[in-house]
Amino acid sequence: MPQLDPRLTPARPDLAAAHLKGQVEAERFVEPVDRQCHVPAAPIRRTPSPTGAMDDQVLCGEVFAVLEEVDGWAWGFSRAGGYVGWVDLSGFTHAVLPVSRKISVLRTYAFSEPDIKTAPECLLSLNACFDAGERQGRFVEAKGLGWVIEAHTAALDVTAPDFVAVAEAFLGTPYLWGGKESLGLDCSGLLQMAMRAAGFDAPRDADQQEAALKARWPDVTADPDRQRGDVVFWPGHVGIMTDSEFFLHANGHTMDTTLEPFAEAEARIRDAENPVRTIVRVPLDPTAG
């Protein structure tokens, strides 16, 4: 039996998801109960504590599959990416509404009324989704959240034509381990959000992304020439070439999403005993390749 990735395997010695029966050993197997995120972003933590390390986030509108509830916390996995951990249930609703629109800009406010002079209820990030209600003027109702400028949203099947341009919009965003929202994200979160906006559902972590992209697009590691859309992988890190010379990545060195000469970034990371492992040539529109 192949070894299962613990990041994506909702199983403990005492409890596991029902679909894993026959694949793992556990005292009991349960069917998950879905809850929907109704805050801008909810952390998935390693422990049921506000100070627990965050490994991923559930964006507004996404669903978390609950296997256990303990003192206001839930253990389970994200339906969006499969990541396992704990979430604070105060950010989730019992009812799961069908979503019909998504945020298509880096971030935008949901206002309390369809008027830009009213108080904002929350700040929604790229790829957050919601159940759309009525329209009033420039606004569309995001049910349960507020009123959003409709031009900042798109239908779920609308995709960006250039995933690199999406990533470039995050320039200057603070680095946050486990983050994937516009207020803070990590290297793999940047790639995942950019590619999701462009219509490709990349996995969450860099090693998972490396395997998924290599299975679909050319490995150009041996090619000395770089071009826009090349995705560069080190063990534990990933970034995107914006042209033949410059490289965009969210990183713990500058603690933000930065653009720098690839030669400088490659040398610095290599000097830390972490040489480039793989470079994959991804089309700017990943749905076309």
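The values are calculated or read from the model by the stated rules, or taken from the named source; none is laboratory data. What you see is a predicted model; the values in this text were computed from it and never measured. As a convention, Cβ positions derive from the backbone with ideal geometry for all residues, glycine included, and neighbour counts pool all protein chains shown.
Just so you know, in the range 83-116 the residues that are of a type in the set (A, V, I, L, M) and part of a loop (DSSP other than H, G, I, E, B) include one that is farthest from GLY133 (Cα to Cα), and it is LEU106.
Return yes or no: is GLY236 surrounded by fewer than 22 Cβ atoms within 10 Å (Cβ to Cβ), farther than 18 Å from ASP56 by Cβ and of a type in the set (Gly, Ala, Ser)? No: the conditions fail for GLY236. Consider the range 248-271 and keep the residues that are under 24 Å from ALA211 (Cβ atoms) and over 18 Å from the mean Cα position of the chain (by Cα). The one that is surrounded by the fewest Cβ atoms within 10 Å (Cβ to Cβ) is ARG270. Every listed requirement among (1) in contact with a strand residue (DSSP E or B) (Cβ under 8 Å, 6 or more places away or on another chain); (2) modelled with pLDDT of 95 or more; (3) closer than 26 Å to GLY81 by Cβ; (4) of a type outside the set (D, E, K, R) is met by PHE262 save one, (3). With a cut-off of at least 2 residues that are within 19 Å of the chain's Cα centre (by Cα) and within 24 Å of PRO283 (Cβ to Cβ), name the strands (runs of 3 or more DSSP E) lying wholly within the range 117-236. Correct list: 153-155, 230-234.
Once the range 251-265 is narrowed to residues that are without any contact (Cβ under 8 Å) to a residue 24 or more places away in the chain and assigned to a strand (DSSP E or B), the residue that is farthest from ALA165 (Cα to Cα) is PRO261. Does the range 71-81 include one or more residues that are at pLDDT below 95 and either closer than 30 Å to ALA16 by Cβ or hydroxyl-bearing (Ser, Thr, Tyr) (or both)? Yes, the range 71-81 has at least one match.
Can GLY61 be described as closer than 14 Å to LEU8 by Cβ, of a type outside the set (A, V, I, L, M, F, W, C), crowded, with 18+ Cβ neighbours inside 10 Å and touching a strand residue (DSSP E or B) at 6+ places or on another chain (Cβ under 8 Å)? Here the answer is no, as GLY61 does not meet what is asked. The residue list ALA80, ALA42 contains one member that is of a type in the set (Gly, Ala, Ser), assigned to a strand (DSSP E or B), in contact with an Asp or Glu (Cβ under 7 Å, 6 or more places away or on another chain) and crowded, with 21+ Cβ neighbours inside 10 Å, which is ALA42.
Going by what's in this entry, would GLU245 be described as of a type in the set (Asp, Glu), assigned by TED's automatic domain parsing to the domain that holds ARG204 and either under 20 Å from the mean Cα position of the chain (by Cα) or modelled with pLDDT of 95 or more (or both)? It is true that GLU245 is of a type in the set (Asp, Glu), assigned by TED's automatic domain parsing to the domain that holds ARG204 and either under 20 Å from the mean Cα position of the chain (by Cα) or modelled with pLDDT of 95 or more (or both).
When you scan the range 48-57, do you find a residue that is surrounded by fewer than 16 Cβ atoms within 10 Å (Cβ to Cβ), touching a helix residue (DSSP H, G or I) at 6+ places or on another chain (Cβ under 6 Å) and either in a loop (DSSP other than H, G, I, E, B) or at pLDDT 95 or above (or both), even just one? No - not one qualifying residue is present in the range 48-57. Determine, yes or no, whether GLY61 is out of contact with any Phe, Trp or Tyr (no Cβ under 6 Å at 6 or more places or on another chain), outside the structural domain of GLY178 (by TED's automatic domain parsing) and either touching a residue at least 24 places away in the same chain (Cβ under 8 Å) or part of a loop (DSSP other than H, G, I, E, B) (or both). Here the answer is no, as GLY61 does not meet what is asked.
Residues are listed down the side, and each one gets a yes or a no for (1) closer than 24 Å to THR159 by Cβ; (2) of a type in the set (Lys, Arg):
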residue: THR221; (1), (2): no, no
residue: TRP234; (1), (2): no, no
residue: ASP243; (1), (2): yes, no
residue: THR258; (1), (2): no, no
residue: ALA265; (1), (2): no, no
residue: ILE269; (1), (2): no, no
residue: GLU273; (1), (2): no, no
residue: ARG277; (1), (2): no, yes
residue: VAL280; (1), (2): yes, no
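Inside the range 272-286, can you point out the residues that are of a type in the set (Asp, Glu) and buried (at least 16 other Cβ atoms within 10 Å of the Cβ)? Scanning the range 272-286 gives a single hit, ASP285.
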